[in-house]
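Have a look at the structure below before the remarks.
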Amino acid sequence: MCVSRGAKTLRDEFEEHLDRLGIRSEVKLVNTGCVGLCEQGPFVIVYPEGVFYALVKNKDVKTIVEEHLYKGRIVEKLVFEEAITEDKQIKDINETSFYAKQKKIALRNCGLINPDDIEEYIARDGYRGLGKALLEMTPKEVIDEMKASGLRGRGGGGFSTGMKWQFAYNNESDQKYVICNADEGDPGAFMDRAILEGDPHSVLEGLMIAGYAIGADKAYIYVRIEYPTAIVKLKQAIVQAKELGLLGDNIFNSGFNFDIELRLGAGAFVCGEETALIASIEGGRGMPRNKPPFPANRGLWNKPTIINNVETLANVSAILWMGAEEFAKIGTEKSRGTKVFSLGGNIKNSGLVEVPMGTTMREVIEEIGGGIPGGRKLKAVQTGGPSGGAVPASLMDMKIDYDTLVEAGTMMGSGGMVVLDDTKCVVDICRFYLEFTVDESCGKCTPCREGTKKMYELLEVISSGHGTLKDIDDLERLANMVKNSSLCGLGQSAPNPVLSMLEHFRDEFEAHVVDKTCPAAVCKPLINYEILDNCIGCTKCAQNCPVDCISGSLKELHVINQDDCIKCGVCQNVCPVDAIIRA
Amino acid sequence: MKSLDDLKHIRVSAHRKVAMREHHPGIRIHIGMSTCSIDAGARTVLNKMIELIVKQDLPNVTVIPDGHISTCEQEPVVIVLDGDKKTSYHNVDEAAAERIIKEHIQNGKVVTDHLAKKAKK
Amino acid sequence: MDNVTIKINGKEITVPADYTAMQAAEELGLNIPRLCFLKDINETSACRLCVVDVKGMRGLKNSCTLAIHDGMEIETDTQDIQDSVVENLKLLASNHIFECWACDREDNCEFLDLMRRYNVENTYGESFDYTKKNRQLNDSSPAIVLDSGKCILCGRCISACDVYTGLGILQFNQRGNVTFVGPANNHPMEDSGCINCGRCIQACPVAAIKEQSHIDGVLEAIKDPFRTVVAVVHPSVAVTLGEEFGMDIGANVEGKLHASLAKLGFDDVMDYNIAHELHIREEAAELIRRTKADDAEPLYTSCAPGWLDYIEQYQGDQLGTLSGVKSPQQIAGALIKHHYATQLGYQKERVVVVSIHPAIDKKAEAARDDASHAGMADVDFVLTTKEYARMMKRKNMSFLQLEDSAPHGALADLTGPQSTFYGVQGVLEQTLHTASELLGETPQELKYKAARGQKTIKETTYSLAGKDINVAVVQGGMTIAAFFAHMAKTKKAYHFVEFIEEEGCMIGGGEPIRSAFETDYHPVHQLRLDALIALQEGRAASAVQLKQNASVLYASLHSEDDNAPSSNMVRASYQDRPFYK
């Protein structure tokens, strides 16, 4: 249900037309969660053939119902273009290149089952992992299973999930807690939301398994209030699990009790940091504290606590059922399993993709993502959002896993992947990410509160053309200092975009201060619009200029008065003969 | 929820809800559902087949409404795809549909009297 | 406690295992830079100035809360650390308003100290390429001023507020680089629910929180030939004032203090103790009256106006229990204007009363509506110890060179001699003993024990007028709420309760401020308290005389019945005062 792209009314439309043709009873309409391919939403998938209709509008519903559902004729013009083979055959959704390279574990049920119906989750082997854990395994064995699977935290740092559990398990306490971190905050990342909305039970099951393993009987799901649909689905899932006795006392007659509570976060990025998240659940201001002690020793209300992210938990429930051995076969040696990425930026098929660890960047960008649109060249891929760095085009054959990304000066993060083509300026990109971190800094520690702001201001100086080479050195020095001495992960990773861009594209920074040009022609103070000789003197540009800085008579070459130009680019857009260039 | 059996019970009974959406290799039954096929009675054939599949709880069978498959006078047409083995039936009615399910799908015995003229392997 | 051996800058040192890295380094004689760390109060690791390099750990770690373990290797002085400290100081400086000459903390600013130590250039603050945060002044309270232009957001005040009062008045507002300290939503301080305890002022490393200054008003009054300016000095000022002039903690400067008062041009000095003694006398009379009454109403008392603020704002249902007697400071003011002025031939409208007191809640008290009599405020100005020192400096006075002197002026003779006081035994005990004496009974020793499950509530029973009354001493701002909860839970009736501040006035908001590093190694409060006790013991004999003086004074204020309520000159009134919520 791509509600944000208008899927909500589609259902009503379907109901109406199915009723009209009297085949309402033969067709089952199922609301599902995210199917991943945002660019093409909303979708309608018709099973059993798996015909994948993309960009469906209300008026198209009538056609689909009449043609496909009533008469069985696939409406070709509405089918996702990549699902049509050269010989005009329609491919199953899973055979399109967007999906063919993917391996779905965390997203196994997303877009397939109805998240409102616990039975559909159970039908897909849901809660079998939990049953197996509770009835056939000791907590220690569950932890060993997690260790054997090689699963690492999907929320950012990539710490071994099994180890984390082991620490909490080793700490004796009358009360322990499990927390699901659903405070997804990276701009452009939404894999957690997709899972919460499309397959909430996989997260609940993961939480229960974690609780059983470490000896906790209480879990909190910290979910941001900006995810209203996810909240509704989770609440409903908890109620359904309770009704079936999958939550509550004495689950599966094993003597294991478990309760899950939702806590709504106000959407501060820093609350994704473990200790800030705990402070927020406790009712305090969402500010991180020093580690150690780690939450596994002293967490929520000073009790041993483990915090796992949504995607990690969705993997946990899968691992318990499929077996650690099976899971560990996927991926690379040190990074097992799959990872969900949210693909965005200058890419054809933006959306959620889940690929085995070790898939190359090129496969993700070119084969799954369909490459860069508009014939532009790839410049870099920013991974890990505002906490990560850029992977330049030269490293496209790098196999993606936790360690290779760190080597390349970036990080996995929660899995944001923003593709940048050659029209993007690195200084501008750094500014964009820093603007975010400046805004999201909690203000507790000096380097992050003041340092990120000063870095942002240094970038402004550089992009304005008034900078010097010293400003670049200052920026680098300040960035290293903030990274080195900040209190929490937010501050420590905030300089990453700048540092990695400096590493790979230092010449572009230098062009801004030495040559006073912006190579990608993005930074407004450094660009000029000029009218070339092939101007036909149509006066369109002069008429549309908001500040009247273009002069010239009819059928004569026009001139832009650079002093008054505000570089809005309107003239370039209206010019019928492309005589206006940005340089 | 008191045992794994309880869970299994729900799983089995709910399986049909999602089975169709899963991607699996089993037998696929295509039924021609063009305007002329429906006119010739394809809808009743389709309903009968689905009804039987559900009733007999046949796991690996997928019924797929298809477009115009053959010539009009042969409608309704039913094609059974089992791996690379393709069997086409013509002029299927409700009784034939029942036989196809019971004899062909369940017991692997092709229903010879409704075979298409040029049934090929 | 086990010991561990660690290496700091290559040197081995064995320290208790519960030491932090900072403590261990300080044990080696190092002075690790710090701004946010205030032991047991604010341990938030926020300022990042105390960073050290730990072998095997990524990045730099703050040493203030860093636990140590055997074999740990720590470096405190690498180039990385130096650079990091300097850079962080630069960042803090970028928003700080450096007008150090006009700052309350020019002599003991912890931030300025570090800026000097590291010779930091204020590059960000002085370049136009960088924006400066807006300055916010929150000065609506009669006692406390918040100045964001000085604030370095260390959070010490916030923790102090929470630890000492539990009220959480001060908080961080907004976030990131637009964070401001203040009441929620930057609400004005005046009705923030603050009880003016002044702990935040003592916790602040800079001058971002300070007292409302009364210096200018006092100087103007002194200059005015038509005004008679009378000083009332709290006894503790004599043992803390010296610190402002570089003397040791607890140095006794009583003689110089009196010399300075004369030199600055105060016309008269009134002895604080007589007002205090009269306060006790009035209170004893009220206690007797309440105890004798059949529907015995409890009596809650305190010399700290913070208590009144608390009851008025948080326990409006308990207004009736409050003692109707003004505090010693207000009694002193009222006596000067309405009693002694006539005796000395002053025109009472022209008398200006200046109280010199270490607690800033006295400023708020003096501004109360009921802190007046016959349309005249009892006390016109309240100077804190710090302010008084500052005023002297401004008047070019060489305090340390002053000759010791006795209090000057006619009023000093009338109210003196300098005598003993101070609640070493507490107002409650003094009042009970006075009440016993008034009734011709023998004062009994009080044997306190902790109330059930409450360490900070001491209680006992006392026999007065043939009745056993339950008395209790509630200590510390945090305990007030606990006390009411305790009463509600146990349903025990208390007849006489005193609220005292945790450590008394000796580290009140207006006393000289010692840096966080000093308070770690010096028991500031204890040193000052010891000095005050020593000061008192030197003149124990005059205690009897003080009592007699108070009785004479009491008698002159009350014409007939000894135990009738006194003239309303010394009485206060209270009202429910809701703060914003």
> Which trypsin sites (Lys or Arg not before Pro) in region A:472-542 pass both tests, a DSSP loop state and at most 10 other beta-carbon atoms within 10 Å?
Replying inline: none
> So which lysines pass the test for C:LYS491, namely a Cα distance under 27 Å, with those fewer than 8 places away in the same chain ruled out?
Replying inline: C:LYS292, C:LYS447, C:LYS449, C:LYS455, C:LYS458, C:LYS467
>> If you take each beta carbon of peptide A:242-250 and count the beta carbons of other chains within 10 angstrom, what is the mean?
In response: 2
> Going down the list B:LYS55/B:LYS85; A:LYS132/A:LYS242; A:LYS291/C:LYS39, which pairs span over 21 Å between their C-alpha atoms?
Replying inline: B:LYS55/B:LYS85
> Roughly what % of DSSP beta bridges within the protein assembly as shown run antiparallel, to the nearest 5?
Replying inline: 60 percent
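If you count the DSSP beta bridges with both ends in chain A, what percent of them are antiparallel, to the nearest 5?
Here the antiparallel bridges make up roughly 55 percent for chain A.
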>> If the reach is capped at under 17 angstrom between alpha carbons, list the lysines near A:LYS348, excluding any in the same chain fewer than eight residues apart.
In response: A:LYS101, A:LYS377, A:LYS379, A:LYS424
> Dipole size in debye (nearest 20) for the protein assembly as shown around its Cα centre, Lys and Arg Cβ +1, Asp and Glu Cβ -1?
Replying inline: 2780 debye
> Do the alpha carbons of any pairs in A:LYS103/A:LYS339; C:LYS61/C:LYS132; B:LYS8/B:LYS102 sit beyond 19 Å of each other, and which pairs?
Replying inline: C:LYS61/C:LYS132; B:LYS8/B:LYS102
> Say each of C:ASP224 and A:ILE536 gets a label point 7 Å from the Cα, pointing the same way as Cα to Cβ; how far apart are those two points in nm?
Replying inline: 8.7 nm
>> Just to confirm the number: angle between the C-alpha axis of helix A:161-170 and the first principal axis of chain A, 0 to 90 degrees, nearest 10?
In response: 50 degrees
> Most exposed first by the Cβ proxy, i.e. fewest other Cβ within 10 Å, how do A:GLU39, A:GLU76, C:GLU277 rank?
Replying inline: A:GLU76, A:GLU39, C:GLU277
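Where does each of A:LEU10, C:LEU432 land when they are ranked from fewest to most other beta-carbon atoms within 10 angstrom?
The most exposed by this proxy come first: A:LEU10, C:LEU432.
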>> Can you work out the Karplus-derived ³J(HN,Hα) for every residue in region C:455-462? Use 6.51 cos²θ - 1.76 cosθ + 1.60 with θ = phi - 60°, whole Hz, and x for glycine or proline.
In response: 5, 9, 10, 9, 9, 6, 10, 9
> Between the helical axis of C:524-537 and the dominant principal axis of chain C, each derived from Cα atoms, what acute angle in degrees is found, rounded to the nearest 10?
Replying inline: 30 degrees
> Name the residues of region C:57-81 whose amide N is less than 13 Å from a point 7 angstrom out from the Cα of C:THR5 along the C-beta direction?
Replying inline: C:70-72
> Hey, what did region C:1-130 get for relative contact order, percent, Cα under 8 Å, at least 6 apart?
Replying inline: 24 percent
>> Show me, for region C:61-74, the HN-Hα J-couplings you get by feeding each phi into the Karplus relation (A = 6.51, B = -1.76, C = 1.60, θ = phi - 60°), rounded to Hz, glycine and proline as x.
In response: 10, 6, 7, 4, 10, 6, 6, 10, 9, 3, x, 5, 10, 10
> Where both residues lie in chain C, what percent of DSSP beta bridges are antiparallel, nearest 5?
Replying inline: 60 percent
> Quick one: putting +1 on the C-beta of Lys and Arg, -1 on the C-beta of Asp and Glu, what dipole do you get for chain C around its Cα centre, in Debye to the nearest 20?
Replying inline: 680 debye
> Over region A:118-233, what is the mean sequence separation of C-alpha contacts under 8 Å (at least six apart), divided by residue count, expressed as relative contact order in percent?
Replying inline: 31 percent
> So which trypsin sites (Lys or Arg not before Pro) in region C:427-461 pass both tests, a DSSP loop state and at most 11 other Cβ atoms within 10 Å of the Cβ?
Replying inline: C:LYS447, C:ARG452
>> Please compute the modelled spin-label separation between A:ASP397 and B:ASP6, points set 7 Å along Cα→Cβ, answer in nm with one decimal.
In response: 5.7 nm
> For B:ARG43, C:ARG34, C:ARG577, what's the fewest-to-most ordering of other Cβ within 10 Å of each Cβ?
Replying inline: C:ARG577, B:ARG43, C:ARG34
> With the Cα gyration tensor of chain A giving a ≥ b ≥ c as the square roots of its eigenvalues, does the rule (a/c under 1.5 for rounded; else a/b larger than b/c for prolate; else oblate) give rounded, prolate or oblate?
Replying inline: oblate
> By a straight-distance test (C-alpha under 12 Å), which aspartates and glutamates pair with B:LYS86 as possible cross-link partners, with residues fewer than eight away in the same chain excluded?
Replying inline: none
> So what's the back-of-envelope 222 nm ellipticity for the protein assembly as shown, counting only DSSP H runs of four-plus at -39500 (n - 2.57) apiece and dividing by all residues, rounded to 500?
Replying inline: -10000 deg cm²/dmol
> By how many degrees, 0 to 90 and rounded to 10, does the Cα axis of helix A:200-214 deviate from the longest principal axis of chain A?
Replying inline: 60 degrees
> Is there a simple number for the mean count of other chain Cβ atoms within 10 Å of the Cβ of residues in C:123-135, and what is it?
Replying inline: 3
> With point charges of +1 on the Cβ of Lys and Arg and -1 on the Cβ of Asp and Glu, referenced to the Cα centre of the protein assembly as shown, which listed residue (A:SER317, A:THR383, C:ILE97) lies farthest in the positive direction of the dipole?
Replying inline: A:SER317
>> If a paramagnetic tag sat 7 Å from the Cα of C:ARG350 along the Cα-Cβ line, which residues of region C:237-268 would have the backbone N under 19 Å from that point?
In response: C:265-268
> Going 7 Å from the Cα of A:VAL514 in the Cα-to-Cβ direction, what parts of region A:425-462 have a backbone nitrogen less than 18 Å from that spot?
Replying inline: A:426-427, A:462
>> Roughly how far apart, in whole Å, are the Cα centres of region A:261-325 and region C:335-403?
In response: 57 Å
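We did not get these values from a lab; they are worked out from the coordinates using the rules stated. As the structure is a computational prediction, the values presented were derived from the model and not from experiment. So basically every Cβ, Gly included, is an ideal-geometry build from the backbone, and we count neighbours across all protein chains shown.
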